[in-house]
Amino acid sequence: MKRIVILISGRGSNMQAMLKVAAAEHWPAQFAAVISNQPNAAGLDVARAAGIATAAINHRDYPDREQFDAALAELIDQHSPDLIVLAGFMRILTPGFVNRFFGRLINIHPSLLPSFPGLHTHQQAIDAGVKVHGATVHFVTAELDHGPIISQATVPVLDDDTEDTLAARVLEQEHRIYPQAVRDLMSDTLKLVDGRVVRSAGK
């Protein structure tokens, strides 16, 4: 049975969506741990209630990103994950960390990458006047908000949209496509081949 570790910083709404789908579909995978850089993250309570091991490692206890990432990597390795899922983990990871877990580390970003990397993506989309916005699941690379794309979902940008209304519609799509992507990776339906995500033959 494949093992999943989830990293969160807050309430973990994408994590909650994933746990719900996994339970409903009886995934042949185990959520080995949920880890947060915020000891008071609400998502840790959700994970504990679901019977999942939790841990907190406060980034403020470390003098720099490299030392925090090294400690985080050691903690993750204790759970021997096949996949590490960033679900609202609000830390920029160092190249050393990313390279250590490359091919096993995925993220969801609230835009149609490569458009609008970074923060405030919904306002970026409104300001740019685009008619379509969305979310992207991707493998993590050392370059921020880049990496091989696993899946995407789109929503229309309405004339009266605010950052909040657009964010809410995008989040609904995040909750749909992120569990699907994890399920397909865990079942080997999707694979990373030569820097691109491809669907396995016959699946």
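Residues that are closer than 20 Å to GLN16 by Cβ and either of a type in the set (A, V, I, L, M) or over 19 Å from the mean Cα position of the chain (by Cα) (or both): find the helices (runs of 4 or more DSSP H) completely inside the stretch 94-203 holding 3 or more of those. Before you say what the answer is, go through the steps one by one.
On the way: elements: 95-101, 121-128, 163-186.
Correct list: 163-186.
Filtering the stretch 40-49 for residues that are at pLDDT 95 or above, crowded, with 18+ Cβ neighbours inside 10 Å and farther than 21 Å from VAL182 by Cα leaves a non-empty set.
Taken as a whole, the stretch 46-65 holds at least one residue that is under 19 Å from the mean Cα position of the chain (by Cα) and in contact (Cβ under 8 Å) with a residue 40 or more places away in the chain.
When you look at PRO81, is it in contact (Cβ under 8 Å) with a residue 40 or more places away in the chain and part of a loop (DSSP other than H, G, I, E, B), yes or no?
Yes; evaluated as a whole, the condition is true for this residue.
Could you list all residues from the stretch 116-163 that are buried (at least 19 other Cβ atoms within 10 Å of the Cβ) and of a type in the set (Ser, Thr, Tyr)? Hits for the stretch 116-163 are THR121, THR136. Contact annotation: residue pairs with Cβ atoms under 8 Å, 6 or more positions apart or on different chains, pairing a residue in the stretch 155-168 that is without any contact (Cβ under 8 Å) to a residue 12 or more places away in the chain with a partner that is loosely packed, with under 15 Cβ neighbours inside 10 Å and part of a helix (DSSP H, G or I), are LEU158/THR165. The set of residues in the stretch 78-92 that are farther than 19 Å from GLY43 by Cα and in contact with a Phe, Trp or Tyr (Cβ under 9 Å, 6 or more places away or on another chain) contains only PRO81.
The values are calculated or read from the model by the stated rules, or taken from the named source; none is laboratory data. All values derive from a computational prediction rather than experimental measurement. Glycine gets a Cβ as well: all are built from the backbone with ideal geometry, and neighbour counts include every protein chain shown.
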